[in-house]
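A.B. asks: Can you keep this structure in mind? I'll have questions shortly.
The values are calculated or read from the model by the stated rules, or taken from the named source; none is laboratory data. All values derive from a computational prediction rather than experimental measurement. Backbone-built Cβ (ideal geometry, glycine too); neighbour counts: all protein chains shown.
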């Protein structure tokens, strides 16, 4: 119930205090500043009436989101309606709704209190309720943001005084009619509503699309005199103001008229605290520090997103290979142009009903068969949308659209999940808009009170991306959706994003990808699909072949007597398949071929008909390489195809140079670097600054089916490949790691090392039976570097560096240690799990069947090497477990004649692995809590006597 006070003058014994408290604070937004006249801004003063006017204009601009709230009951009903909208997050929404209502009830009593002494309009309260409803309705679409905003309002609620008690005190002390003439007593209370309303307006601005005008508007962030602060900093100032206001109010009401000096001192302290926040000047150094803090927020959220995919690799590699004047025909396609030119409008971007009902028209599918060149086409679309963003059909006040992209590639097996795409897209947009105030506000809110080690969940990333798309007009280009590990999930994510924003999405994939029914819209032409046949691309592919073959001819690759009419004949056999054309050029560029051999191939193009034919010829060329190079290429193929996880670039280089059973000499005459991999593999493998992959997934598919009897590069026998990779890892642990603690921190270590080399790791350990191998899951704890197994691109991306926790010196010095320590039991388990499917007519020699045997035997006899491995595993938060290996090795031993050298060595290895497994179980079960805290303690393990 409101008390209708009569109109009275706002002048009081506080003099000018009423207007001075709402000065142009550093935390006020651009919108609030626009509501002030030049004279107001000059005096750094804005009246309460103007603040309320800003609220009214903001609500008028969001009529589609506003349902009039005439009372608390109607507001409560509107909040309940908004919370019931989402079934997926119903529980979270209901909890947040309750906390919103708690805040609302506290403010309702506040309005009753302020009406005691200051003339107050009931319409003002309604506008305030409308604003709360708008904020809740918008933010409820982003559950993560809703929880963060609810935390802010909950904090405000706790900081506000108990207005109900204050109101009761007022009514007891004086008759209400007497207080109508003493508005000065409760004038400080009115300051709260402007502060809170202003903050809610800023939240609303962060959650909606607004016209930005001048594209260089963000340069003001660098002005040392413009003290804009991110949301978390502004909220801290708001909290300080509320605390001071509460102190003043309690003292004001606790004093009598005769205690004038006390009340005057309280007012002076309050004015002083407000003046300190209002100081607008700061030095250039402070401005730079403020900007540095803002950028640290960006770094924090990028770490929180945990996006470690090198998403630019495919785009940049194809950009270097792109032939001039190709793909231009697609940019004139009618459906593409219609999709691209749908205008971005602020009004429609904020209209949730319109977004939900018409999202299908903003999604475009481009479909073509494998080898068409969709990755090149998507790269051209990316460049087109970037270059034409400023020329699209948008008004001068609307922000130019940004572009974000992602390429799914089966060769990048570590980042083909839909969540990887969401993280990469979000990472790009945060970097693109890192100087935008609404984005910085969202970032500061997301990372507020977020632990440094915490990583965003898929739902968190989805909410963050949806908010960024709502804030900024954006094109999303996603290539290779058919190579995504979960296409159905990806196609569920797209509607969720499009229903909450006006983003435009183009998806490149193969025709076999089914389009869900939800993408169809009744009585319309949705879904919008561009189906491309090989004829669509034939002219471009022919131009690509002819241009490159003429270049090879000019450089003498075909000798001096070549009939150049052959080039056109070969180009006409391409059948519009760009992948075939690319493979053909790789084959013809091989230095192994002589000019006469290249010319002979052009004279018989039927021998190169089809992709498999070219791959067959390339592997035949590789067979002529020296033995060391062939062994190197085999290792590259096996690690790329069957690696558990991709090592970092330095680790990959180390792995492919390991010769099982021998110590690896770094950068010796036989050491091969990553840079020469394309040349040695005839470009079947591509190398970028942060990744090593097959040139196309068809390369791996061909290697998996090729006959092992005709090619030593075959991956048909996976057991043999895993056996080789296990041998590489074990050999590295046995010969290439330092035989000492990774971090010396135990006083007894030196004494232990004196005798460690003379002891077998299998003779001093006792154990109990244990469970399954602990290596099946990589989530037992955060690894030392803050990420999962290192992958190419995890340390850097082309967009911007992502700050990661400091890497220990020992881990940086041994880049292959992580992979070798954690993955050798997995490789060996897979090598022994099932009988080999190799079509060899006879059993291969033991050295080929069990390439790991000698290295494992050496490893087990070197206690220092074993202990280093155990310590490393614990430091990577994956305690070692060999329980699954013991029965598998027993089976191998039973199949091997005991009188042979291999049989005798197998008996020793089985015994050693069993003893080691029991010892590992004993450490984990009896001392695991201590070793997890200090993995170096494993150097003090004394078998059944425990730790020393």
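A.B. asks: Out of the residues in the stretch 654-690 that are part of a helix (DSSP H, G or I) and within 14 Å of residue 637 (Cβ to Cβ), which is farthest from the chain's Cα centre (by Cα)?
C.D. replies: 680
A.B. asks: If you go through the stretch 202-221 one residue at a time, how many are part of a loop (DSSP other than H, G, I, E, B) and at pLDDT below 80?
C.D. replies: 7
A.B. asks: Could you grab me the full set of residues in the stretch 661-704 that are surrounded by 20 or more Cβ atoms within 10 Å (Cβ to Cβ) and closer than 22 Å to residue 852 by Cβ?
C.D. replies: Across the stretch 661-704, the qualifying residue is only 703.
Yes/no per residue for (1) in a loop (DSSP other than H, G, I, E, B); (2) within 26 Å of residue 648 (Cα to Cα); (3) outside the structural domain of residue 528 (by TED's automatic domain parsing):
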site	(1), (2), (3)
422	no, yes, no
435	yes, no, no
442	no, no, no
446	no, no, no
453	yes, yes, no
456	yes, yes, no
461	no, yes, no
470	no, no, no
502	yes, no, no
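A.B. asks: Among the residues of the stretch 329-360, which ones are surrounded by fewer than 19 Cβ atoms within 10 Å (Cβ to Cβ), closer than 13 Å to residue 526 by Cβ and touching a strand residue (DSSP E or B) at 6+ places or on another chain (Cβ under 7 Å)?
C.D. replies: Matches in the stretch 329-360: 335, 342.
A.B. asks: Any idea which of 73, 32 is at pLDDT below 80 and farther than 16 Å from residue 150 by Cβ?
C.D. replies: Step by step, each of 73, 32 is checked, and only 32 is at pLDDT below 80 and farther than 16 Å from residue 150 by Cβ.
A.B. asks: What helices (runs of 4 or more DSSP H) completely inside the stretch 99-201 contain at least 3 residues that are at pLDDT 75 or above and outside the structural domain of residue 470 (by TED's automatic domain parsing)?
C.D. replies: Passing ranges, in order: 122-139, 143-159.
A.B. asks: Would you check which residues across the stretch 222-232 are touching a helix residue (DSSP H, G or I) at 6+ places or on another chain (Cβ under 7 Å) and either at pLDDT 75 or above or outside any loop (DSSP other than H, G, I, E, B) (or both) and list them?
C.D. replies: If the condition is that a residue be touching a helix residue (DSSP H, G or I) at 6+ places or on another chain (Cβ under 7 Å) and either at pLDDT 75 or above or outside any loop (DSSP other than H, G, I, E, B) (or both), then 222, 230, 231, 232 are the ones that fit.
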